[in-house]
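The block underneath contains the structure these notes are about, expressed in structure tokens.
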Amino acid sequence: MRLSLNLLRSAVESENAGAHPSELPSLEYPLFPPPRLAVLGAELRPSPGTHCFPYWSAPQLAQLQPMALAGSFEELANVARLEGDGVLLLRDLRYPLVVFTPPAAAPLSDERHDQLWRWFRLPVFEQIRNAAHQLLAWECEAHQGFHLSHGVLPSHLGAATLPGPCPCGAKEARVALLRPNALAASF
């Protein structure tokens with residue numbers, strides 16, 4: 001049995017239709033204020049300069065000319081492919097990328113970091129977000145592990161607590177994400 005993309009899209013939209021914008025998760029961008037930013041494949045809380053495209057197209061991105069992008073590795077790979085094919089030109093892109101990773105997945109590998117660098121020539125910050133796009137952990141600004149959101153325990157993400165204070169000065173717990181964890185799939 002095949003489910004059409006339109007049926008799937010309708011189901012997702014109706015599921016989120018009752019959510020008030022203030023109930024949506026927010027984007028935590030590593031710079032303040034964030035530049036003109038396109039969030040791809042997710043609906044997050046509206047904020048100045050942040051444009052969410054749960055379903056995006058090359059013409060939408062070309063019109064916005066974002067200065068930064070946020071989305072899954074797959075969404076960013078699609079942007080890179082469109083740019084490589086000459087279908088899309090994002091001249092203003094010059095601020096760090098934010099990559100959303102699900103909690104049950106492994107963190108970005110060195111190879112994926114390198115691939116993102118080759119595609120965009122921009123720094124990358126990873127965020128662990130659940131299926132509802134709630135932030136569970138974010139990569140330290142000093143790239144020395146991940147900080148946990150309030151109420152998230154290292155065991156929820158299959159993580160190990162790192163000793164000592166963080167070089168970035170954040171007070172939130174700092175962890176190393178080890179590998180996919182069965183617990184994380186349900187978080």
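The numbers here are math on the coordinates, done by the rules we state, and not lab data. Computed from a predicted structure; not experimentally measured. We place every Cβ from the backbone using ideal geometry, glycine too, and count neighbours over all the protein chains shown.
Descriptive notes on the structure:
- Local electrostatic count, residue 135, Cβ distance below 12 Å [Lys/Arg +1, Asp/Glu -1]: -2
- Stretchable slack from residue 74 to residue 47, in nm (0.36 nm times residue separation minus alpha-carbon distance): 7.3 nm
- Residue-averaged [θ]222 nm for the chain, counting only DSSP H segments that reach four residues, each worth -39500 (n - 2.57): -7000 deg cm²/dmol
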